[in-house]
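Asker: The structure's right below; bear with me while I get my questions together.
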Amino acid sequence: MYPLSFYEFLSALNQEELRQFIEHRSDLAPIPEIFHTRLVDFLKVYYITGGMPACVQTYLDTNNGDACRKVQQDILTSYVLDFSKHVPSADIPKVISIWNSLPAQLARENKKFLYRLVREGARARTYENALAWLEDSGLTLRARQVSAVRIPLSSYASYKAFKIYVHDVGLLGALSMLHPGVLLQGNRLFTEFRGAFTENYVAQELSAGTGNKLYYWSSEGEAEVDFLIESQGQIVPLEVKAGLGIKSKSLRVFAEKTGSSRLFRTGLRNFSSSQIIRHFPLYAVANSPRFLN
């Protein structure tokens, strides 16, 4: 079962008018602050509940993050039971080890997947089948690194350097044992674990309902852009900010090295556009094709 996207989540919470207000937006002019604040507040709730229908319904019925987290823990338990039923027996411990390592993988500054965080001394050839099973089952999303920014990105993607995200940001919270109480602590939820939840959320929204492959760009440790979006014959960089920051060194390095003049950023700030960088809020990530075109 696939999670609801953020816009579907708004509809489930009977916020259809708010969804319609933002979903079809295609320009980057700031919206009234009252609407921006409401959307950020709902996004906070979504980070906690995720989009799994049973969890969203529990939140609707109880308005209680702890009750929702209990449902998520039950879902995680059912996943482990499914591993034992559907995964080849030799790969079951590997799948479980990879799955349990994901919070640690994403909590790092550089979120590139490391086999040694699964098990000391682990090698790619031993765990690749288990990784592929998780991806094919829809439980994880893989973003591959590219160094050459050319079309099609799939032809220049690395099979050795990649990031792995959980298919639902709420389940990532449960897997990380993050207490729902962080929802009440300002914007801490967005920046927790070095912005892991925010980057995971963006990956989830970019692939929701499309099955789009995910890519990111890095330049020999000098800079890294979180996502690359291939749109109408062009490749557009998207930098993800977990908070209100506006520094965009990686985008500028990308522009210098590739000659790109279309630079995009998403974060907690309202819509804005400058000669260099176009910015849209995290709650509008699903609109990115409209903004890019």
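Asker: Quickly run through the range 1-53 and pick out the residues that are open to solvent by less than 40 Å² (accessible area, probe 1.4 Å), without any contact (Cβ under 8 Å) to a residue 60 or more places away in the chain and either under 20 Å from Arg278 (Cα atoms) or not in a loop (DSSP other than H, G, I, E, B) (or both).
Answerer: Hits for the range 1-53 are Phe9, Leu10, Ser11, Ala12, Leu18.
Asker: Could you figure out which of (1) under 23 Å from Leu141 (Cα atoms); (2) open to solvent by less than 10 Å² (accessible area, probe 1.4 Å) isn't true of His279?
Answerer: Failed condition: (1).
Asker: Do we find a residue being buried (at least 17 other Cβ atoms within 10 Å of the Cβ), touching a residue at least 12 places away in the same chain (Cβ under 8 Å) and within 25 Å of His167 (Cα to Cα) anywhere in the range 248-265?
Answerer: Among the residues of the range 248-265, at least one is buried (at least 17 other Cβ atoms within 10 Å of the Cβ), touching a residue at least 12 places away in the same chain (Cβ under 8 Å) and within 25 Å of His167 (Cα to Cα), which makes the answer yes.
Asker: Here is a further query. If you check Val56 against the conditions, is it over 22 Å from the mean Cα position of the chain (by Cα) and surrounded by 19 or more Cβ atoms within 10 Å (Cβ to Cβ)?
Answerer: On the way: over 22 Å from the mean Cα position of the chain (by Cα): no; surrounded by 19 or more Cβ atoms within 10 Å (Cβ to Cβ): yes.
So Val56 fails the test.
Asker: If you don't mind, there's one more thing I want to ask. Say we look at the range 278-293 and pick out the residues that are at pLDDT 90 or above and not in a helix (DSSP H, G or I); which of these is nearest to the chain's Cα centre (by Cα)? Working first, answer last.
Answerer: Of the residues in the range 278-293, the ones at pLDDT 90 or above are 278-287.
Cutting the leftovers down to not in a helix (DSSP H, G or I) gives us 278-281.
Working: Arg278: 20, His279: 17, Phe280: 15, Pro281: 14 Å.
Filtering first and then ranking leaves Pro281.
Asker: Would you be able to say whether some residue in the range 90-101 is part of a helix (DSSP H, G or I) and more than 22 Å from Arg142 (Cα to Cα)? Before you say what the answer is, go through the steps one by one.
Answerer: Residues of the range 90-101 part of a helix (DSSP H, G or I): 90-101.
Next cut, more than 22 Å from Arg142 (Cα to Cα) only: 90.
Scanning the range 90-101, I find at least one residue that is part of a helix (DSSP H, G or I) and more than 22 Å from Arg142 (Cα to Cα), so the answer is yes.
Yes/no matrix, rows are residues, columns are (1) in a loop (DSSP other than H, G, I, E, B); (2) in contact with a strand residue (DSSP E or B) (Cβ under 6 Å, 6 or more places away or on another chain); (3) open to solvent by less than 60 Å² (accessible area, probe 1.4 Å):
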{"residue": "Arg119", "(1), (2), (3)": "yes, no, no"}
{"residue": "Tyr127", "(1), (2), (3)": "no, no, yes"}
{"residue": "Ala132", "(1), (2), (3)": "no, no, yes"}
{"residue": "Arg144", "(1), (2), (3)": "no, yes, yes"}
{"residue": "Ala148", "(1), (2), (3)": "yes, no, yes"}
{"residue": "Ile151", "(1), (2), (3)": "yes, no, no"}
{"residue": "Ser155", "(1), (2), (3)": "no, no, no"}
{"residue": "Ser158", "(1), (2), (3)": "no, yes, yes"}
{"residue": "Ala161", "(1), (2), (3)": "no, yes, yes"}
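Asker: Is one or more of the residues making up the range 56-66 at pLDDT below 95, part of a loop (DSSP other than H, G, I, E, B), of a type in the set (S, T, N, Q) and under 22 Å from Ala208 (Cβ atoms)?
Answerer: For the range 56-66, residues at pLDDT below 95, part of a loop (DSSP other than H, G, I, E, B), of a type in the set (S, T, N, Q) and under 22 Å from Ala208 (Cβ atoms): absent.
Asker: Follow-up. What pairs come up if the first residue lies in the range 215-241 and is within 16 Å of Arg265 (Cα to Cα) and open to solvent by 30 Å² or more (accessible area, probe 1.4 Å), the second is assigned to a strand (DSSP E or B) and of a type in the set (S, T, N, Q), and their beta carbons are under 7 Å apart, counting only those six or more places apart or on different chains?
Answerer: Matching pairs, first to second residue: Glu224/Ser218; Lys241/Thr266.
The values are calculated or read from the model by the stated rules, or taken from the named source; none is laboratory data. Since we're looking at a predicted model, the values are computed, not measured. Cβ coordinates were reconstructed from backbone atoms using ideal geometry, including for glycine residues, and neighbour counts include every protein chain displayed. Surface areas here come from the heavy atoms of the whole protein model, side chains and all, with no ligands, DNA or RNA. Shrake-Rupley method; radii C 1.70, N 1.55, O 1.52, S 1.80 Å.
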